[in-house]
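Just so it is clear, none of the values below were taken in a lab; they were calculated from the coordinates. Remember, it's a predicted structure, so these values are computed and weren't measured experimentally. Here the Cβ positions follow ideal geometry from the backbone for every residue, glycine too, while neighbour counts run over all protein chains shown.
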Amino acid sequence: MLALVSAPSARSHDTDLPLLLDSLEAEGAHAVVVDWDDNDVDWSQYEAAVVRSTWDYHRRLADFDRWLHIASSSTRLWNPVELIRWNIDKRYLTEVASWGVPVVPTTVVTSRAEVDPANLSGDVVVKPSVGAGANGARRIIDDPATALAHVDHLLGGGSAVLIQPYLSDVDARGETGIVTVGHRFSHAFGKAAILSGGAEWTDDLYVTEQIEAREASAVELDIVEAILRQLPQTAYARIDLLPAASGPVVSEIELIEPSLFLHVDPNAADRVAAVFARLSTR
């Protein structure tokens, strides 16, 4: 039996879950949706557990880390626990850049003393290093004082802070998300810019996104391949890319609980289910 791991607040919003359940059933795999924070769950009853929509984890990080230990000690957890822990903190972007992969220019600060005022000038994005669904991320234009105040706010909440330039090409082109399953390309999608103003929230979980099908470019696929070569085996991955003057750059590598937007491709759910079904038989 396979567990698709979610959260009580996220179940009704995770549009991938019903598609996955139907496709897994067609594969002959028995799958159930289970909440990560349900203390009555015996995780050893599952051949594998796939983290899908634990969208509140960043607000309860200590609890989530304890759950990771329990679940990974009791069943096969996907993605692997060491990869999830690496991916929780977006400071991984600095390591990804060291692989020679193009990444959004990122400055990390862990204290007020590390803040260079020059990095807060112009059009910038200030975000926590641990977060999900754009929670805590702000675009601030030509207002270093407000940017610094937001840095202080995030530091006060216990998170390191990422400072990045806002790449304005995203306003016209949007982001490209590329989904892989079993370390192979599955599908791509386009996502409209979410920090350009007027964002709407879904139950305080995430910014509501405008998603459409998109064909990934050869350059984007090459970036994804370069990333996958550096990672251990994954059940799934989502690589989000922003347009820049120099070409696409990585904004995030999603290995914990990304929406896979299976609805954009009529065969995506079946491809993902085929891989997930095999996870519980290894």
Could you give the distance between the Cα centres of segment 254-282 and segment 150-199, to the whole Å?
-> 21 Å
What does the convex hull of the Cα atoms of segment 107-165 come to per residue, in Å³, rounded to a whole number?
-> 66 Å³
What one gets for the chain as the Kirkwood radius, inverse of mean 1/r over different Cα pairs in Å, is 19.5 Å
With a sphere of radius 13 Å drawn around the Cβ of residue 5, what net charge do the other residues whose Cβ falls strictly inside it have (Lys, Arg +1; Asp, Glu -1)?
-> -4
Sticking with the crude label model, points 7 Å out along Cα→Cβ, report the distance from residue 61 to residue 222 in nm, one decimal please.
-> 3.6 nm
Quick calc: nm separation of the 7 Å Cα→Cβ label points for residue 212 and residue 153 -> 3.2 nm
Subtract the Cα-Cα distance of residue 98 and residue 15 from 0.36 nm times their separation in residues, and report this length gain in nm to one decimal.
-> 26.4 nm
Relative contact order for the chain using alpha-carbon pairs under 8 Å, separation at least 6, rounded to a whole percent?
-> 22 percent
Would you please give the FRET efficiency between residue 245 and residue 121, computed as 1/(1 + (r/R0)^6) with r the Cβ-Cβ distance and R0 = 25 Å, to the nearest 0.05?
-> 0.85
With only helices counted (DSSP H, runs n ≥ 4, each -39500 (n - 2.57)), the per-residue ellipticity at 222 nm for the chain, to the nearest 500, works out to -8500 deg cm²/dmol
Selected from 77, 231, 162 as most flexible by GNM, with the chain as the system and alpha-carbon contacts under 10 Å = 231
Going by how many other beta carbons lie within 10 Å of each one, how would you line up 166, 236, fewest first?
-> 166, 236
Would you kindly calculate the mean projected area, averaged across all directions, of the convex hull enclosing the Cα atoms of segment 2-87, in square nanometres?
-> 5.5 nm²
Using modelled backbone amide H atoms (1.01 Å from N, in-plane), which distant-in-sequence or interchain residues come within less than 5 Å of residue 186's amide H?
-> 179, 180, 181
Which net charge results when you count Lys and Arg as +1 and Asp and Glu as -1 among the other residues whose beta-carbon is under 12 Å from that of residue 70?
-> -4
If amide H atoms are built 1.01 Å from N in the plane of the peptide, which residues on other chains or at least 5 residues away come under 5 Å of the amide H of residue 35?
-> 6
By how many nm would the segment from residue 263 to residue 69 grow when fully extended, if each residue of separation counts as 0.36 nm and the alpha-carbon distance is taken off?
-> 66.6 nm
Take the chain, connect every pair of alpha-carbon atoms lying under 10 Å apart with a spring to form a Gaussian network, then pick out the residue of 241, 61, 255 with the largest mean-square fluctuation.
-> 61
Within a Gaussian network of the chain (alpha carbon springs, distance under 10 Å), most fluctuating of 74, 12, 251 | 12
